[in-house]
Each structure stands twice: as structure tokens, then as C-alpha cells.
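The structure appears below as C-alpha cells.
Rule-based calculations on the coordinates, nothing more; no lab input. Please read these numbers as outputs of a predicted model, since none were measured by experiment. So basically every Cβ, Gly included, is an ideal-geometry build from the backbone, and we count neighbours across all protein chains shown.
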Amino acid sequence: MSAGGIGRASLQDIFKEQAERRPDSGDHATMDNGLRLAIKAAGNANRLAGKLGVSRQAVQQWRRIPTKRIIEVEAVTGVLIASPK
């Protein structure tokens with residue numbers, strides 16, 4: 001056992017659990033379709049973030065495009081996000 005009484009297997013389990021909780025750019029199961037389309041149009045989450053002037057991590061944490069960013073995302077990607085009523 002290592003210092004603190006945590007064995008190697010326990011640390012591996014902790015790291016695996018943390019990685020599973022971490023948002024991932026490939027986590028499309030919980031991603032809104034509008035955000036998925038915007039990322040695809042930009043090329044990837046990093047490029048979309050650059051066009052919006054935000055971090056890649058910010059975009060990866062979104063499950064849908066924040067309301068205040070919809071017009072900006074439409075402008076930089078050419079993808080219509082908001083449906084007209």
C-alpha cells in the first residue's frame with residue numbers, strides 16, 4: 001500500500017471513475033443536436049471555441065448552446081440553431 005493507505009487498485013478505480021465523469025468532446029449521447037451540428041460545422045469543439053472566443057473546456061461542458069450564444073454560434077458556423085416560430 002502507498003502512503004495514506006490507498007492501494008494501487010483503488011487509485012486506478014478512482015482515476016477511472018473521475019475520467020468517466022469528465023465531459024468529453026466525443027460525448028454525443030447527452031449533447032443537444034444544435035450543439036452537435038455547430039461543432040461539426042466548425043470542425044471540432046476546439047475550433048468552435050476559438051471562433052467564439054471561449055475555451056475548449058467551456059464548449060465541452062455545454063449540453064446545449066447557451067441562449068446568450070445562439071446568435072453568435074449561428075453567425076460563426078452558418079448553422080441555423082434557433083427555429084423560427
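Quick notes on this one:
- The stretch 42-63 residues that are surrounded by fewer than 18 Cβ atoms within 10 Å (Cβ to Cβ), paired with ones that are among the basic types (Lys, Arg) (beta carbon under 8 Å, 6 or more apart): Asn46/Arg56
- Of the helices (runs of 4 or more DSSP H) that lie entirely inside the stretch 28-85, those containing 2 or more residues that are in contact with a Ser or Thr (Cβ under 9 Å, 6 or more places away or on another chain) span 33-42, 45-52, 56-61.
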